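This report concerns only the one structure given below.
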Amino acid sequence: MSDTAHGKVEDNPKILSGPVLTNSPNAVLSKTLLSRYNDLPLPADKILATYIWIDGSGEHMRCKDRTLNFIPKQPKDLPVWNFDGSSTGQADGHNSDTFLVPRALYKDPFRRGNHLLVMCDTFKYNMEPTETNHRVKCQEAYDKCKDEEPWFGIEQEYILLDSDLRPFGWPPGGFPPPQGPYYCGVGANKVFARDLVEAHYRCCLYAGVPICGTNAEVMPSQWEFQVGPSVGVTAADDLWMARYILHRLAEEYGVIVTFDPKPVQDWNGSGAHTNFSTKKMREENGIIEIEKAIDKLSKVHMKHIKVYDPRGGKDNERRLTGLHETASINDFSAGVANRGSSIRIPRAVAEEKKGYLEDRRPASNCDPYAVVDALMRTCILNE
Ligand code: ADP
Ligand code: MN
Ligand code: MN
Ligand code: MN
């Protein structure tokens, strides 16, 4: 641990930028009053649907609600909708209508019943995908390599912030004791806001997001959950929905979730390690296929770095330093059980000679549609 970790917060002024509230209004609202109105019986044929999409930042999410008079069974049963793209960085004011196309349905853990969360992608006035719609290309790639059964399991790391945008529970004006005891920690001085993490786990499973695990991370108030393995483009739908549910729950708790990959210098950053396999990798001696994929990845390192965060590699520059369990952004490396390499082959995979590889490069704020797309194109489609 370097000395700055014990320094004053002024030595490290930029923890995060954004609107600072002295006290989140959400934290002081009564959390029990809403239950009175949640009990109001609604007409049986009224279904509330929350349409959710990625905005023009490629990183942040937006949502709005509408009433349906039927119970949709699949995304295409739902109407295409629109929104004001000039307010989300997705259109200019003269031609602002931007379309929302429903792509994946989840049960709504907040409203329950037949109510729905709807993951959408976005299209311009002329029905061309918006700049931050990477889903269309991801779907195209998946359609071309379906038979290889590409599976993805993504480890989403994130950090909770208080309303002053400092990590939740950190001492005012300073730092907590150095990292070490917090990863997978237990105890009130080691982990903060487990209640929120537990609620998120349950909400995701209820919604139909296949969360397969969760753990406290290296920095206090940093956590991780894992989604998958899910097939192809669905893995990215699932991860975005898990992110939405997390933001939405944190709103109720009055804390803020950040997927910034490196909010605090000299402390571990956040990644979105992407675990990937094909049918052949999962079969006997699949390690040969895994090695072939690693060889292909080694030849297009920078191409992947460019799509592994929403700013073409700029965000990952702060995180992939070669320190704090990362490899340098400039070099490609691979190794068994090596957490300082770009690609890691898990120990158990090396022993069984089959399974999957872990790409440790994607930043926590990556667009998983772009990551999944790039892995399918490089490793399966040879593009
Ligand atoms: P780590 O040891 O890197 O912290 P985790 O246990 O947090 O690993 O995450 C492992 C991830 O690997 C999970 O998201 C899981 O879904 C995924 N995974 C497991 N098997 C496969 C597979 N065959 N193909 C793709 N992903 C897989
Ligand atoms: Mn993990
Ligand atoms: Mn982790
Ligand atoms: Mn990992």
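No lab work stands behind these numbers, since they all come straight from the coordinates. These numbers were taken from a predicted model, which means no experiment stands behind them. Using ideal geometry, Cβ is built from the backbone for each residue, glycine included, and neighbour counts are taken over all protein chains shown.
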Item checked: Three-way shape label, the chain, alpha-carbon gyration tensor, a/c 1.5 -> oblate
Notebook entry, point to check: Name the trypsin sites (Lys or Arg not before Pro) in the range 264-308 that are in a loop by DSSP and that have at most 14 other C-beta atoms within 10 Å, would you?
Noted result: LYS299
Margin query: If the reach is capped at under 20 angstrom between alpha carbons, list the lysines near LYS124, excluding any in the same chain fewer than eight residues apart.
Written below: LYS64, LYS76, LYS137
Note to self: Please report the antiparallel percentage of the DSSP beta bridges confined to the chain, to the nearest 5.
What the structure shows: 90 percent
Notebook entry, point to check: What shape does the range 55-162 take by its C-alpha gyration tensor, where a ≥ b ≥ c are the square roots of the eigenvalues and a/c under 1.5 counts as rounded, a/b above b/c as prolate, and the rest as oblate?
Noted result: rounded
Next item on the list: For n ≥ 4 DSSP H runs only, could you compute -39500 (n - 2.57) per run for the chain, divide by its residues and tell me the 222 nm figure to the nearest 500?
Entry: -7500 deg cm²/dmol
Note to self: Using the Kirkwood formula on the Cα atoms of the range 51-111, what hydrodynamic radius do you get, in angstrom to one decimal?
What the structure shows: 12.9 Å
Next item on the list: Amide H neighbours of ALA104 under 5 Å, at least 5 residues apart or on other chains, H built in the peptide plane: list them.
Entry: MET119
Note to self: Taking amide H atoms as placed 1.01 Å from N in the peptide plane, list the residues 5 or more away in sequence, or in a different chain, whose amide H sits under 5 Å from that of GLU217.
What the structure shows: CYS184, GLN222, TRP223, GLU224
Margin query: Taking the alpha-carbon distance from LYS354 and a cut-off under 25 Å, which lysines remain once sequence neighbours fewer than 8 residues away in the same chain are dropped?
Written below: LYS144, LYS146, LYS279, LYS280, LYS292, LYS296, LYS299
